[in-house]
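Asker: I'd like to ask you about the structure that follows.
The values are calculated or read from the model by the stated rules, or taken from the named source; none is laboratory data. Fair warning: this is a prediction, and the values are worked out from it, not measured in the lab. Cβ coordinates were reconstructed from backbone atoms using ideal geometry, including for glycine residues, and neighbour counts include every protein chain displayed.
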Amino acid sequence: MATVNQVIAKVDGLVPNAIEAEWKAAALLGLDRRIYEELTSQDAPDVRPPAAWPEDGDQPLLASGAYESLYELYLTSMVFFWQSEYAAYNNASALYENALGEYMRQYRRTHMPKAQYFTGL
C-alpha cells in the first residue's frame, strides 16, 4: 500500500521539481480526504485517511493495489500545474481523472451501500 512519503519520493524521481514536500503532502492528504468523504466514509467509517504530514507520512493511503497509481498521477499533474507546464498538466490530469474514475467504479462494485429504509411515513 502506498504512503504519502513513497508517492512523493516516486514523483520526485520521475519529475524534476523544486516544490516543497509540504505542498506535495498537502495535495495528497487532500485527495485522500476527498476519497474518504465522497466514497468510503459510510462503508468503512473506522478506516481513516492520514491526517497530517510528516506524522502520518508512512500511514497507508486509502486506494491500494492496482489503484495506487492514481496518487502518483495526481501529484504529477499538480507538480506540472505548479510549474506552469500546462500541456503536461492537461495530459497528467486526464490520466489521473481516468484512474480516479476506475477506482471509484471498482470500489462501488465491491462495496455496495447499505440499504436505508424509511419508517413512520
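Asker: Here is a list: Trp23, Trp53, Trp82. Which entry is modelled with pLDDT under 90, over 14 Å from the mean Cα position of the chain (by Cα) and hydrophobic (A, V, I, L, M, F, W, C)?
Answerer: Residue meeting the stated conditions: Trp53.
Asker: Here's something else I'd like to know. So, of the residues in region 42-52 that are surrounded by fewer than 17 Cβ atoms within 10 Å (Cβ to Cβ) and not small (Gly, Ala, Ser), which turns out to be nearest to Tyr107 (Cα to Cα)? Can you show your working first?
Answerer: The first filter runs over region 42-52 and keeps only residues surrounded by fewer than 17 Cβ atoms within 10 Å (Cβ to Cβ), leaving 42-48, 51-52.
Now restrict to residues that are not small (Gly, Ala, Ser): 42-43, 45-48.
Numbers: Gln42: 12, Asp43: 10, Pro45: 15, Asp46: 16, Val47: 14, Arg48: 16 Å.
In this case the residue turns out to be Asp43.
Asker: What pairs can you find where one residue is in region 26-47 and without any contact (Cβ under 8 Å) to a residue 40 or more places away in the chain and under 15 Å from Leu75 (Cα atoms), the other is outside any loop (DSSP other than H, G, I, E, B) and among the β-branched types (Val, Ile, Thr), and their Cβ atoms are less than 9 Å apart, with a gap of 6+ or different chains?
Answerer: Leu29/Val4; Asp32/Val4
Asker: Consider region 13-41. How many of its residues are surrounded by 11 or more Cβ atoms within 10 Å (Cβ to Cβ) and not in a helix (DSSP H, G or I)?
Answerer: Selection size over region 13-41: 4.
Asker: Kindly check whether there is at least one residue in region 23-31 that is farther than 15 Å from Val11 by Cβ and among the aromatic types (Phe, Trp, Tyr). It would help to see each step written out before you state the result.
Answerer: Kept after step one, since they are farther than 15 Å from Val11 by Cβ, are these residues of region 23-31: 30.
Next cut, among the aromatic types (Phe, Trp, Tyr) only: none.
No.
Asker: Taking Ala87 as the residue in question, decide whether it is modelled with pLDDT of 85 or more, exposed (fewer than 12 other Cβ atoms within 10 Å of the Cβ) and under 25 Å from Asp12 (Cβ atoms).
Answerer: yes
Asker: Exactly one of these conditions fails for Tyr71: (1) outside any helix (DSSP H, G or I); (2) closer than 15 Å to Ala2 by Cα; (3) of a type outside the set (A, V, I, L, M, F, W, C). Give me its number.
Answerer: (1)
Asker: Also: Enumerate the pairs (first residue in region 49-77 and more than 24 Å from Pro16 (Cβ to Cβ) and among the small types (Gly, Ala, Ser); second residue anywhere and surrounded by fewer than 20 Cβ atoms within 10 Å (Cβ to Cβ) and modelled with pLDDT under 90) with beta-carbon separation below 6 Å, excluding pairs fewer than 6 apart on the same chain, so at least 6 apart or on different chains.
Answerer: Close Cβ pairs satisfying both conditions: Ser64/Met1.
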